[in-house]
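Below is one structure; the comments refer to it alone.
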Amino acid sequence: MIASLTLLSALSNVSHAQQVTGNLQGRLVDSLGQAVSNANIIVSGPNVQGVRAATSDEDGSFNLLALPTGIVSVNVSHVRYQRMIFEAVSIELGRTANLGEVQLRSRLHDLPEVIILGNKQFIDPTSTSSGANLRSSDIEYLPIDRNYRSIATLIPQANVSYLDDEVNVAGATGRENKYFVDGVDVTDPTFSKVGTNLPYNFIKEIDVTTGGYEAEYRSTFGGLINVITYSGGNELHGSAFGFFTNNGLAASRRGGLLDPTQGAFSNYDVGVGLGGPIVHDELWFYVAYNPTFERKDVEIPGFGVHLDRVVTHSFAGKFTWRASPRLNFILTSTGDPSVRKAIGDIPPLAGTPARLENPDPFLSEVTGGGVNLSLNGSYVLSESILLDASISRVARDQTSNPSTERGRKDTVLIDTETGSWSGGGFGHLSFFRSSTTARTSGSVLIGQHTFKGGIEYRNNVQDVDLDGPFMYFRHSDTLYSFLTNGTRGKVENRIYSGYIQDNWQIADDFQIHLGLRLDGQDVMGGNGKVVHRIRGPWQPRIGFVFQPDQQKKRKIFASFGRFTQEWTSAVMTIYTGTQYFYLITYDRDPRLGGYTADTLISDVPGIPDETTLEGQHYDELNLGYETIVGETMKLRVQGTYRSLREAIVFAPGFASGNPGKGGLSQFPRHKHDYTALEITFERRGAEHFDFLASYVLSRNSGNYEGLYDSYNRNIVPNVRLAYSQVDPLRNATGPLPNDRTHALKFSGSYRFDFGLSVGTSFTWQSGTPLSDMAGLGVFLQPRGAVGRTPNIWDLNARVVYSFPTSTAFQTRLILDIFHIASRREPVDFVQQHYALVDESGNPNPASLNALYGVARRYQPPMSARLGLELNF
C-alpha cells in the first residue's frame, strides 16, 4: 500500500505541459550516520486528499512527487526510532523541498514525538532552472495590479516594458512568453500575448521560470509564467472582495503622444470564491467569479464627452476527484469574456480627426476574452510505471462592429484637406481562435534513474472574418480614393511534440539531467494544404546539480539547452486564399455615382506552394551557486548566456522564411545575444519580515529584437516591415530596444502583531537605447548611438489592517499606493527622424518628422486603490 501511495504521488508530476505541483525529499540516518531504511513517511495537510506516503530505501532516501502546493505536515516513523514530525513544511510550485539529512533517535524509552518547525529555506537539489515562486501568502501583502501578470515583474530578469508589449523576460520581448493557468497553456496563439486575465485573489501560487528548464516543458524565447488557482479541501472555505479606484485617487498624468487623454475614470471590481468538500477526501470543488468594471470619459471632437465602458467576467472552477487510490482526475475551467462600449477605438491608419461631422465613426462595440477547459487523469499502472493523459481547449473570440445604425450602413469619409471626418464606421471584425491540446506521458522509476517521456499534439486554429477597415478619402473636389482590405477563412498550425528525459542520481550529492525534445509544425492554408513545414531542431537539455556539504545547504548547478518558439498564427491570415487589398481613386465623390475609377493597387495574394523552414530557436548556458544563510534566507548567484540560432520572419513583398536562406537569402542572418549576471537574496518563513531582493547586470544586443517589432508597434508577431525597404539591416547591430544594463529590485512585507501589515516593491533600472531611424526601420546611425532614456525608479506600497474578529472570519482593509512620488520621466521617444527613404535607403529631406525626439510615453502618475477582503 505504501508503495502504491508513493507512486500515486508521482503521477501528476508528468501530467501537464507545465507543473501544477511540488515535490518533497530527504534522507534518514541514525546517530552513527548509517542509513535508516523501511521508515514510513506520511504527508498530510489541508490541500492533500487523504495522505501521501513513502518508504525510505536502502540508502535511507525518500521522495514524494506531485504534492499539492501549500503547507504540509511530514510524519517520520520507524519501530526502532523515535517519531519525528516536521510541521509547516512549504511545498512550492515546480520545486522540490529537501528536508536534508534527518537524524533519528533510538527509541530507548516511550518518549513523545519530536516536533520540528519546517518554515525554513530549502535548497532544491533537483532543479537547474532559474526564476522564483511567490505564494498567495506572499502576494496578499504586496502592492500589485489586480491581474496575476503584474506579479511576474517582481522576479529578477523580468522587467516592465513601456513599448506596448507584456513583461520582458531575459532579453526577450513580451510576445515571447508562455502563460499557463492550472497547467493549461492559455497564451493567445494568434498574437502571442497573455490569453486569460484572472485576479490575484484566485491565485494560490505563481512560478516564473526564466531559463534552464528540462525537456518535458514546452519552450519559448521568453519566460514561462505558471499559476495555479485554489482547490477545494476537507473544510469549507471562501472569500469575498472588492477594489476601487478613480481619477480622484490619481495625480495628473504627464501626457506623451501615446498616453491616453486623462478624463474622469473609475475602475472597480467585486468577487467571491468558495471551495470545499463534496465527498470528504475524495471529491473537492472550487468556484470563483470576479466581474470587473472600467469606465472612463472620452471626448469626441465637437460632440462632448462620452462614456467608454468595459465589463469583464473572470471566473475559475475546479473539481478534484480521487476516484481510487490509483486513479485521480482534475477538471478545470477558467475564462475572462468581456464586452466594451468603445469610444474612439479606430484603426491607427486612420489617424486623428481635426473635427467630426457626426460621432458615428467613433462609436463601436467590442467583445473579447475567452473560455478554457481541461481534463487531466492519472493512473498507477504498476509499482514502477506511471501513466497519464490530459486534454484541453482554449478558445478566444474577438469582434468589433459599429454601434450605430449609420455606422453599420455607411463608410467613413476622411477629408485630407480639412481633417474632418463624416459618415459611418470602419467595417467589422470577427476573429475566433482556439488551441486544442492532447498529451500523454509516463514515468518509469529504475534504481537511481527517473525516466520520463511524453508526446503532445496541439492544433492552433484561426477563423477570421474581416471586412475593413473601409475608408473613403477626399483629397479635392476632383480626387477621391477608397482603401480597404479583408479576408475570410480558416488556417491552422498543427504542432507535434515529443520528449525523453532522465534524472540520474549518480551519488547522494550529485545529479545529472539528460533530456531531448523535438517539435514540428505544419502550417495549413485555407485550402487545407500545408503551406510551411517547420522542422526541428533537436533540443538537447543537459544539466547537473552538485551539493558539496552534508547538510545540503549549498548547491552548484549548470545547464545547457536549446529552446524553440512556435510560429504564431496572426500572419497566417494571408494564407486563407481570400485576402484582398484595394486602393482605388475616383474623379468625384464615389458615393454619388457617375464617377471614373482607377485601381492603383489590387492585391489578392494566393496560397503559396509548400516550403520547409527550420524552427526558430536559441541556445542557453547557465551556471550558478545557491546557499542557505541562517534558517530563513537564501543567496543565489547565476550567470546566463543566450544566443539566437535561427529566426522566422514574414517580409512584406518577399515571403515567410529563415533570414539568409531560401526566399530571404538576400538578407543577413539575425543576431540576438543576451548575457546576464543575477544576484538574488530572499528571506522566507520568518515570523514578521520576508523579502525578495535582486540585482541583474545584463547586455542585450544584436540586429533582431524578437517576435515583436517595437519600432513600428506592429501587433502581428514575426512581421518585419523594414524588409520592404532597401538594405534594412544596415547599422542595425547594437543594443536592442529592451536592453537595460542595470536592474535592482526589492519586494517584501512586515507583519506587526496588532493586525497591521506593510508591503512594498521598489525597482530601479537604467534607461533603454535610442536610435536615429527613417521609414519603416532603416537605421541612419548605428543602433543605439543616439543615447538612452533616463534611468527610472518606481516605488509602491500596500497597507493592510486585519480587524480582530472571530477565528472563522478574517476581514482585511487594504490601501495600495502606486508610483509614490513618481517623477513621470519619459520612457519612450519618437525615433523616426524621416518618414521616407529613397531607393538607396537614404532619407528623403522633405519627409523630416517634426516629432522626432518627442516623448511618446511617460511613467504613470501616483495613484491609490482601496480594497476590502473577507476570508472564511
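The values are calculated or read from the model by the stated rules, or taken from the named source; none is laboratory data. Computed from a predicted model, the values in this text were never measured in an experiment. Cβ coordinates were reconstructed from backbone atoms using ideal geometry, including for glycine residues, and neighbour counts include every protein chain displayed. The accessibility values were calculated without ligands, DNA or RNA, using every heavy atom of the protein model including side chains. Shrake-Rupley method; radii C 1.70, N 1.55, O 1.52, S 1.80 Å.
Here's a check for you: in the stretch 511-529, which residue that is out of contact with any Ser or Thr (no Cβ under 9 Å at 6 or more places or on another chain) and open to solvent by less than 30 Å² (accessible area, probe 1.4 Å) is farthest from Gly100 (Cα to Cα)? If we take residues in the stretch 511-529 being out of contact with any Ser or Thr (no Cβ under 9 Å at 6 or more places or on another chain) and open to solvent by less than 30 Å² (accessible area, probe 1.4 Å), then Met524 is farthest from Gly100 (Cα to Cα).
The condition of being touching a residue at least 40 places away in the same chain (Cβ under 8 Å) and either more than 20 Å from Arg396 (Cα to Cα) or open to solvent by less than 30 Å² (accessible area, probe 1.4 Å) (or both) holds for only one of Leu331, Leu363, that being Leu363.
State whether the residues of the stretch 371-383 include one that is β-branched (Val, Ile, Thr), closer than 30 Å to Glu216 by Cα, part of a strand (DSSP E or B) and within 26 Å of the chain's Cα centre (by Cα). So far as the stretch 371-383 goes, yes, one or more of its residues are β-branched (Val, Ile, Thr), closer than 30 Å to Glu216 by Cα, part of a strand (DSSP E or B) and within 26 Å of the chain's Cα centre (by Cα). Taken over the stretch 816-868, residues that are open to solvent by less than 40 Å² (accessible area, probe 1.4 Å), of a type in the set (Ser, Thr, Tyr) and either closer than 25 Å to Leu249 by Cα or within 33 Å of the chain's Cα centre (by Cα) (or both) amount to 3.
Regarding Gln521, is this residue at pLDDT 90 or above and under 30 Å from Val412 (Cβ atoms)?
Values: at pLDDT 90 or above: yes; under 30 Å from Val412 (Cβ atoms): no.
For Gln521, the condition - at pLDDT 90 or above and under 30 Å from Val412 (Cβ atoms) - is not met.
If we scan the stretch 43-54, do we find a residue that is more than 30 Å from the chain's Cα centre (by Cα) and over 30 Å from Tyr286 (Cβ atoms)? Checking the stretch 43-54: not a single residue is more than 30 Å from the chain's Cα centre (by Cα) and over 30 Å from Tyr286 (Cβ atoms).
May I ask you to list the residues in the stretch 214-238 that are in a strand (DSSP E or B), under 30 Å from Phe563 (Cα atoms) and not hydrophobic (A, V, I, L, M, F, W, C)? Once the filter is applied, which keeps residues that are in a strand (DSSP E or B), under 30 Å from Phe563 (Cα atoms) and not hydrophobic (A, V, I, L, M, F, W, C), the stretch 214-238 yields Asn226, Thr229. Here Thr576 clears all of (1) surrounded by fewer than 16 Cβ atoms within 10 Å (Cβ to Cβ); (2) closer than 26 Å to Asp709 by Cα; (3) more than 28 Å from the chain's Cα centre (by Cα) except the condition numbered (1).
Inspection of the stretch 297-306 finds a residue satisfying the criterion of being among the hydrophobic types (A, V, I, L, M, F, W, C), without any contact (Cβ under 8 Å) to a residue 60 or more places away in the chain and over 25 Å from Thr416 (Cβ atoms). Summed over the stretch 137-166, the residues that are under 10 Å from the mean Cα position of the chain (by Cα) and open to solvent by 10 Å² or more (accessible area, probe 1.4 Å) give a count of 3.
State all residues of the stretch 286-313 that are open to solvent by less than 40 Å² (accessible area, probe 1.4 Å) and under 30 Å from Pro46 (Cα atoms); if no residue qualifies, say none. Correct list: Tyr286, Ala288, Asn290, Pro291.
Out of the stretch 753-770, which residues are over 19 Å from Met862 (Cα atoms) and either modelled with pLDDT of 95 or more or within 22 Å of the chain's Cα centre (by Cα) (or both)?
Residues satisfying the conditions are Leu756, Ser757, Ser766, Gly767, Thr768, Pro769, Leu770.
Contact annotation: residue pairs with Cβ atoms under 7 Å, 6 or more positions apart or on different chains, pairing a residue in the stretch 462-488 that is in contact (Cβ under 8 Å) with a residue 60 or more places away in the chain with a partner that is basic (Lys, Arg), are Gln462/Arg433; Gln462/Lys490; Val464/Arg488; Thr478/Arg588; Tyr480/Arg474; Tyr480/Arg588. Restricting attention to the stretch 629-639 and to residues that are open to solvent by 10 Å² or more (accessible area, probe 1.4 Å) and part of a strand (DSSP E or B), the residue that is nearest to Val531 (Cα to Cα) turns out to be Gly639. The number of residues in the stretch 666-693 being over 24 Å from Asp619 (Cα atoms) and either touching a helix residue (DSSP H, G or I) at 6+ places or on another chain (Cβ under 9 Å) or open to solvent by 20 Å² or more (accessible area, probe 1.4 Å) (or both) comes to 13. The one condition from (1) in contact with a helix residue (DSSP H, G or I) (Cβ under 9 Å, 6 or more places away or on another chain); (2) among the hydrophobic types (A, V, I, L, M, F, W, C); (3) open to solvent by less than 10 Å² (accessible area, probe 1.4 Å) that Ile123 does not meet is (1). When Asp410, Asp415 are checked against the criterion of being within 16 Å of Met471 (Cα to Cα), modelled with pLDDT of 90 or more and open to solvent by 60 Å² or more (accessible area, probe 1.4 Å), Asp410 stands alone in meeting it. Per the conditions (1) assigned to a loop (DSSP other than H, G, I, E, B); (2) touching a residue at least 60 places away in the same chain (Cβ under 8 Å), the sole criterion not satisfied by Lys193 is (2). If a residue has to be open to solvent by 20 Å² or more (accessible area, probe 1.4 Å), at pLDDT 90 or above and of a type outside the set (Ser, Thr, Tyr) to count, how many in the stretch 427-438 make the cut? Residues meeting the conditions: 2. Here Lys204 meets the list (1) open to solvent by 10 Å² or more (accessible area, probe 1.4 Å); (2) closer than 30 Å to Leu283 by Cα; (3) in a loop (DSSP other than H, G, I, E, B) almost entirely, failing just condition (3). Pick from Ser266, Ser314: which is part of a strand (DSSP E or B) and over 21 Å from Leu373 (Cα atoms)? On inspection, the qualifying residue turns out to be Ser266. The residue list Val169, Val181, Val227 contains one member that is farther than 24 Å from Gly759 by Cβ, open to solvent by less than 10 Å² (accessible area, probe 1.4 Å) and hydrophobic (A, V, I, L, M, F, W, C), which is Val181. Checking each residue in the stretch 751-767 for being of a type outside the set (A, V, I, L, M) and either more than 24 Å from Ala821 (Cα to Cα) or touching a residue at least 40 places away in the same chain (Cβ under 8 Å) (or both) picks out Arg751, Phe752, Asp753, Phe754, Gly755, Ser757, Gly759, Thr760, Ser761, Thr763, Gln765. If I filter the stretch 33-43 for residues that are open to solvent by 30 Å² or more (accessible area, probe 1.4 Å), of a type outside the set (Gly, Ala, Ser), part of a loop (DSSP other than H, G, I, E, B) and modelled with pLDDT under 85, do I get at least one hit? No, the stretch 33-43 contains no residue that is open to solvent by 30 Å² or more (accessible area, probe 1.4 Å), of a type outside the set (Gly, Ala, Ser), part of a loop (DSSP other than H, G, I, E, B) and modelled with pLDDT under 85. Look through Ile542, Ile512, Ile500 and report the one residue that is β-branched (Val, Ile, Thr), in a strand (DSSP E or B) and closer than 30 Å to Met633 by Cβ. Residue meeting the stated conditions: Ile512.
This table checks each residue for (1) part of a loop (DSSP other than H, G, I, E, B); (2) open to solvent by less than 20 Å² (accessible area, probe 1.4 Å); (3) of a type in the set (Lys, Arg).
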{"position": "Asp727", "(1), (2), (3)": "yes, no, no"}
{"position": "Ala732", "(1), (2), (3)": "yes, yes, no"}
{"position": "Leu744", "(1), (2), (3)": "no, no, no"}
{"position": "Ser749", "(1), (2), (3)": "no, yes, no"}
{"position": "Thr760", "(1), (2), (3)": "no, no, no"}
{"position": "Trp764", "(1), (2), (3)": "no, no, no"}
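For the stretch 534-563, a tally of residues being out of contact with any Lys or Arg (no Cβ under 8 Å at 6 or more places or on another chain), touching a residue at least 40 places away in the same chain (Cβ under 8 Å) and of a type in the set (Val, Ile, Thr) returns 2.
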